[in-house]
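Structure first, commentary second.
The values are calculated or read from the model by the stated rules, or taken from the named source; none is laboratory data. Everything quoted here is computed from the prediction, not taken from an experiment. Don't worry about glycine lacking a Cβ; one is built from the backbone with ideal geometry, like all the others, and counts go over all protein chains shown.
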Amino acid sequence: MLIAVWAVGLLLLVLWSASMWVAYLGWTMLAALPWSQAAEAARSIQLPPLLELWLGDAWREWLGAMAPLLEWLMRTLQGSAGWLEGIVPVALIILWGAGAIGLLAVTAVAAVALGWWRRRRRGHPAAAA
């Protein structure tokens, strides 16, 4: 059981690390695009057919209503892209480290709690029955 706790904890750590790498690669690809091209790409987002059926025209209306906000956001990002390009990788490393420490701490606490529970159960023969 203790091996299972650590296996799950380490698997979650691997998934957490992979998600941070994907976020970093996504940011790298986004930062390489011209911002005007990114704004146009946001307007032409196509949903999968199943979601298109479920959401209907509400999706297009929402995207149309969000267009001014997206354009403002793209102009803001374009003005500060150099600053963001430097700070986002550092923020992702800090976020990854905090998440990794948290996952390892939760796994260690779960392992200690499991060991304590098993010792307590062995000490009381009536509880084992």
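Data table
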| quantity | calculated |
| --- | --- |
| Hits in segment 56-78 (condition: within 16 Å of SER44 (Cβ to Cβ) and surrounded by 12 or more Cβ atoms within 10 Å (Cβ to Cβ)) | TRP59, ARG60, LEU63, MET66, ALA67, LEU70, GLU71, MET74 |
| Contacts under 7 angstrom Cβ, first residue in segment 9-27 being touching a residue at least 40 places away in the same chain (Cβ under 8 Å), partner part of a helix (DSSP H, G or I) and among the small types (Gly, Ala, Ser), 6 or more apart | LEU13/ALA100; TRP16/GLY99; TRP16/ALA100 |
| Filtered residue count, segment 1-30, keeping only those that are of a type in the set (Phe, Trp, Tyr) and either modelled with pLDDT of 90 or more or more than 23 Å from ALA91 (Cα to Cα) (or both) | 3 |
| Test for LEU69: is it at pLDDT 75 or above and more than 22 Å from the chain's Cα centre (by Cα) | yes |
